[in-house]
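To start, the structure itself, in structure tokens.
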Amino acid sequence: MRATINIVTRQRPEVFAQCCLSVARALPLDTEVLVLINGEDKTAEAWLEEFAHPAFRWHVLPKGSLAQARNVALDIARGEILYCLDDDVQVPLHLFEQALELFRADPELAILGGPNLTPQPSAFWPTVFGAVMLSPFAAPRVRRRYGASLHADTQPATEFELMFCNLAIRKNKVRAPRFESHLRSNEENLFLRRAIDGGAKALYHRDLYVYHHRRDRLSRFVKQVSSYGFGRAQQIQAGWHPSYRLFLVPVFLWPLMWGLILTPVGRLLFLCLGFLHLMLSAVAARYVVKRERLGAKEWIAVTGLTSVVHLAYGFGFWRALFGIIREGSLFKGSGSHQVHPPIIKALKRLKWAQIDGPHRR
């Protein structure tokens, strides 16, 4: 069984180099690494030319969405298994070998993944940003993405456990292997939902983890969470599912908040609800801090950031919703399942580097 490791990168040279080095160390026999540079990036090109690893092949694509680049990878990957990684992850030595063993053991297995963990040691804010996404109150449905499950090693997976940064796909077991290229985020969520509803078998394994660099500033973290809300609104527009109901809770915080503060009685109720929210945030943060062996400073920060996560997510959702109302749709055209024509032309001109036989880390 042959695998293709796919990394999409653009203008993040330091983390990209670390990612490539960790991947090269962990490569099984006869595995290729397909790097797609999403837009012009001379630094990445120069580094890859100097790196010159025989398993790596790469090409510069016209700048587009991450989903567009992943669709190119689905089209041109030589391996039966496509393993998607973000360019800011580092992989442990066992990752690919263990994933391939699981695919070999179960011919019906179509999709496989695991958590993305905060690298240790990390600075204070990246540690806190990773911890808050483990909170059962801040991110109840998706927190297993950010930390290993405490239950069975292998569990059936849904869209809520798996992410693009650590996702393996057996291409011939997924009926419609395409990502919606116009989603701002959550494109893998919609892909997984459709694949699983179509009968694809998906598993989450807690040992198939990667180390994922977190945002280093509060503003970047807030923007990231807001984009998740934006993407969820787009996903709901593409098709409703009952499991999305919980994601609407932070969405209604904004109208509830503005509705309450307009009257004196409402402001009192707002303070009471705010205090209750703070208490629930603190209890959930205590659980995370104990599990991750963090300190009092991290507990205070995670408690406070829980409210920030809920508000940022709701803001992103409402922003997308207003866009739908204003423009009629956030999906323009019907080309979301097509590879962009310039990409096709570029690939036809491309002379891929060949892998010179088996290799080992």
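Values for this structure:
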| read-out | value |
| --- | --- |
| Relative contact order for the range 60-157, counting Cα pairs under 8 Å that sit 6 or more residues apart, in percent | 18 percent |
| Dipole axis of the chain (+1 Lys, Arg; -1 Asp, Glu on Cβ), positive-most option in Gly274, Pro62, Ala110 | Gly274 |
| Surface per residue (accessible, 1.4 Å probe) for the range 198-274, Å² | 55 Å² |
| The chain - percent relative contact order, Cα under 8 Å, separation 6 or more | 22 percent |
| Sum of side-chain charges, Arg206 neighbourhood, beta-carbon under 11 Å (Lys, Arg +1; Asp, Glu -1) | -2 |
| Partners for Lys297 among aspartates and glutamates (Cα-Cα distance below 19 Å; same-chain residues under 8 apart left out) | Asp216 |
| Ranked by how many other beta carbons lie within 10 Å on average, peptides 178-185, 242-249, 319-326 from highest | 178-185, 319-326, 242-249 |
| The chain - mean residue ellipticity at 222 nm from DSSP helices (-39,500 (n - 2.57) per run, n ≥ 4, rounded to 500) | -15000 deg cm²/dmol |
| Lys, Arg +1 and Asp, Glu -1 on Cβ, resulting dipole of the range 256-308 about Cα centre, debye, nearest 20 | 180 debye |
| Dipole of the chain, positive end: most advanced residue of Thr303, Gln18, Phe191 [Cβ charges, Cα centre] | Thr303 |
| Only Lys, Arg (+1) and Asp, Glu (-1) charged, at Cβ; the chain dipole about Cα centre in debye | 740 debye |
| Among Val249, Leu218, Tyr228 - extreme Cα towards positive end, dipole of the range 217-295, charges at beta-carbon | Leu218 |
| DSSP bridge pairs, the chain: antiparallel proportion in percent, nearest 5 | 35 percent |
| Inter-site label distance for Leu280 and Asp30 at 7 Å from Cα along Cβ, in nm | 5.3 nm |
| Over the chain: Kirkwood hydrodynamic radius from C-alpha pairwise inverse distances, Å | 21.5 Å |
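The values are calculated or read from the model by the stated rules, or taken from the named source; none is laboratory data. Treat the numbers as computed from the prediction; the structure is a model and nothing was measured. Using ideal geometry, Cβ is built from the backbone for each residue, glycine included, and neighbour counts are taken over all protein chains shown. Just the protein is used for accessible areas: all its heavy atoms, side chains included, with ligands, DNA and RNA removed. Shrake-Rupley method; radii C 1.70, N 1.55, O 1.52, S 1.80 Å.
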